[in-house]
Amino acid sequence: MKKLVIIGVVILVIALYVGQNLILDVNNKKSFESGIKESSIVISDDLVISIAQNSSSLGIHSNIAFDIYMYNNGTYTVNFEKISVSTTSTNIAILSNNADQLTSVDIGQNISFHAEITAIDSQPVQTVDLVLVIDVSGSMGEELSAVQNELTNLIDTLADEIPDLRIGAIFYGSTRYSEYPTRSESNYLDLTSDFSRVQTLINSFSASGGKEPWGDALYLAKYFSWRVGSQKLIILVGDEDCDPGDYVGTDSSASMYNGSELLSVVTDLKNLGVKISTVVCENPDRYTAHQFQWISQYTGGKSVYLPDLERGEDPISLPALIQEWTLELSREFSNWFLVKAEWKDPTDTLVSAEAKTHLWLDFAAPSLIYFEKVIPKGSDIFDVYLYAEVLDFSPIEKVLVYHDGSGDVLTSSVMEYDNSSSLYYTLIPGLTRGKNLSFFFKCSDILKNAEFSREYWLSVNFQEKMLGQMTIIPVKPEESVCSLLTIQEESSVKLWLSGNSSLTEISVFLFDNETQTTNYTSSRSSSFFNERLDLWYRILEFDLNSQTYLLNVTIPSLNTTSLSTLEYTWISSHSIYNHSVTANMTEIERKHLYRWNVEENLNLYFDYTPTSDLVVRGDVYFLNWTYIGSFTALEAIELQPGTYYVIVEGQLRTGLYRVILSEDTPEVTDMYYGASASGFDFLLAIIPLIFVGTGVLGIKRWKRTK
């Protein structure tokens, strides 16, 4: 990476002397990846100190070099009493030259010396404060038992890898002492390094009770002895919305808590530097997911639905999840490099100037999410593209894929990077239909932190897509995408295409899968641009019989910016003329289309009378597909007389939903949503769990190196 060079020190000093400081934000990922480093330049009456560095992050197998410049712009020679070079961490070594030999800087003189930081241990010594906030009501027996059974190993692992660790715990919902966490000192333990006390407290509980006032638990956590400079994490585990308590929800007249008070408590914790990661357990009610997800996103934490992780291809238990989230705090964290000079002015007064620059310690390997695309290239011959989205704080150095596409022996290749989609990809050409392709990935960052993925398998063939199943794929110009569609009965279906470039030139063909000769053309077609989502759409309608069809979508060579992603969904259309409709959203079927006739000014909204954990969203269009607006479980949309298209999309989990057209304005029973208007939208709140619902894609499995 480019080394920042300080050019024109005198000119810079003059500019800075009138009040300008050079500070570049390294928290900006774009700036970080482009090689811009933060320099802190401090002006005293006499001395300017500036720092230039060759990198912003330090890993186990790397170091960072610093050039330190001092310039005297004062009225007398600076005679140093002391020059110190330090960092805020204790697990790195600093090597510097010339610092001890520097004794003075004359007026107008520029001097410099060099320092390097290197890691001295593969595991960082980091200060971590962890508080477990766990629901121990009657429905949480399985989760509580898992933590109790694995607690000794969990604490031993964390203590070994994070020497400066403290753990606290708060339990709510149990009748053992009190369902309300603040009413009994036996319900909680402040942060401590005496882990035997933590274990004794956790083992003292059994699941019983029916109240879940976890807002009071977060209120109590505010007053724990959080240390200045520590990495602070609360892990909130539960399966119910927040019941009114003694401190949060005191003004609530219904069964729901008061959202404004909870918002205030969470904001206070955020201002203390506390991240809150949340774990939603089995069978949560309809509000819990949104509450937990919003809290985690608002504070910079993570949110997961535990049953999906436990049933995933790479299962992870609650104790293992607690371990991973805690270790992550000590493997990627912020740090500072400091330079301080002290001297005496002509009045013999001790004067000092200090400069600092930001760096990141990154000891964690990248995480990877993959998906594939199968392209037919002839009779029973296919090309397979493998794509990987690789996530890490540090820039990625290399992504390798190992596969047996060339035979029975695994071969490796370096994956190419596509700037338009920010994805890594590789092509495995000429595979025959039915080939069982085996592959796995290795990714490393520029600090040499590396990770192997698990092994994946793919049967090479046309991919069958069900009605309502959304498919998102990367595409290139002059490329064809094929998939199968099976229709159970004669039906009118729509092919819903979306992408980030105009779709009007895309060719769409539908064939009989047996003969692959009949070309089924659309009876109606519409194209439009949705400014709210910044996406292009194209909708094609087909009248189809009961059979299996082969879809071929061809991307032409475009003069404009080529598509980076294409989403397509087959949707069956239903005409609605009454005032309500009830339907089921499954894991596969994630989108429904209604043509709705409205005879007077009415409100369209979701009603959760059917018990469901589903989170859904509705979008409303005119018949020419001009976008009108959206509605959720929290907000209705008013429609005037006319006919509309209504798209209902499943955002999270499965279950029944009901859409109602009524002159009544629906009541929002959960007052939390009014409070959330301070900055977080309903849709933003569900983003962290969209991928988690399909398995373990939202979890980074850290493999620690000793």
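The values are calculated or read from the model by the stated rules, or taken from the named source; none is laboratory data. Treat the numbers as computed from the prediction; the structure is a model and nothing was measured. FYI the Cβ positions are ideal-geometry reconstructions off the backbone, even for glycines, and counts take in every protein chain you see.
Val279 satisfies every condition listed in (1) at pLDDT below 80; (2) closer than 27 Å to Arg331 by Cβ except (1).
Out of curiosity, is Tyr180 within 17 Å of Leu132 (Cβ to Cβ) and in the same structural domain as Val248 (by TED's automatic domain parsing)? Judged against the criteria, Tyr180 is not a match. Of the strands (runs of 3 or more DSSP E) that lie entirely inside the range 85-169, those containing 2 or more residues that are touching a residue at least 24 places away in the same chain (Cβ under 8 Å) and under 24 Å from Ile322 (Cα atoms) span 127-135. Among the residues making up the range 438-450, those that are part of a strand (DSSP E or B), touching a residue at least 60 places away in the same chain (Cβ under 8 Å) and touching a Leu at 6+ places or on another chain (Cβ under 9 Å) are Phe441, Cys443, Ser444.
Please work out which residue is modelled with the lowest pLDDT, limiting yourself to the range 523-546 and to residues that are assigned to a loop (DSSP other than H, G, I, E, B) and either aromatic (Phe, Trp, Tyr) or under 22 Å from Ser630 (Cα atoms) (or both). Ranking the qualifying residues of the range 523-546, first place goes to Arg532. Those residues that are in contact with a helix residue (DSSP H, G or I) (Cβ under 8 Å, 6 or more places away or on another chain) and farther than 25 Å from Thr326 by Cα, I need them from the range 170-181; list them, please. If the condition is that a residue be in contact with a helix residue (DSSP H, G or I) (Cβ under 8 Å, 6 or more places away or on another chain) and farther than 25 Å from Thr326 by Cα, then Ser174, Arg176, Tyr177, Ser178, Tyr180 are the ones that fit. Scanning the range 170-207 for residues that are among the charged types (D, E, K, R) and assigned to a loop (DSSP other than H, G, I, E, B) yields Arg176, Glu179, Asp194.
Summed over the range 88-122, the residues that are β-branched (Val, Ile, Thr), surrounded by fewer than 20 Cβ atoms within 10 Å (Cβ to Cβ) and under 44 Å from the mean Cα position of the chain (by Cα) give a count of 5. Of Lys356, Lys377, all but one fail to be part of a strand (DSSP E or B) and closer than 26 Å to Asp445 by Cα; the exception is Lys356.
Conditions tested, residue by residue: (1) within 27 Å of Leu361 (Cβ to Cβ); (2) surrounded by fewer than 18 Cβ atoms within 10 Å (Cβ to Cβ); (3) in the same structural domain as Lys377 (by TED's automatic domain parsing).
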{"site": "Val409", "(1), (2), (3)": "no, yes, yes"}
{"site": "Ser412", "(1), (2), (3)": "no, yes, yes"}
{"site": "Tyr417", "(1), (2), (3)": "yes, yes, yes"}
{"site": "Thr426", "(1), (2), (3)": "no, no, yes"}
{"site": "Gly430", "(1), (2), (3)": "no, yes, yes"}
{"site": "Cys443", "(1), (2), (3)": "yes, no, yes"}
{"site": "Asn449", "(1), (2), (3)": "yes, no, yes"}
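Reported count of residues in the range 217-254, each being at pLDDT below 90 and either aromatic (Phe, Trp, Tyr) or outside any loop (DSSP other than H, G, I, E, B) (or both), is 4. Of the residues that make up the range 172-185, is at least one within 29 Å of Gly229 (Cα to Cα) and of a type in the set (S, T, N, Q)? Yes, there is a match, as at least one residue in the range 172-185 is within 29 Å of Gly229 (Cα to Cα) and of a type in the set (S, T, N, Q).
If the condition is being surrounded by 19 or more Cβ atoms within 10 Å (Cβ to Cβ) and at pLDDT 80 or above, then the range 330-341 contributes Phe337, Val339, Ala341.
Within the range 141-177, the set of residues being under 27 Å from the mean Cα position of the chain (by Cα) and either among the basic types (Lys, Arg) or not assigned by TED's automatic domain parsing to the domain that holds Glu324 (or both) comprises just one member, Arg166.
The residues of the range 451-493 that are assigned to a loop (DSSP other than H, G, I, E, B), surrounded by fewer than 16 Cβ atoms within 10 Å (Cβ to Cβ) and among the charged types (D, E, K, R), listed by number, are Arg454, Glu455, Glu478, Glu489, Glu490.
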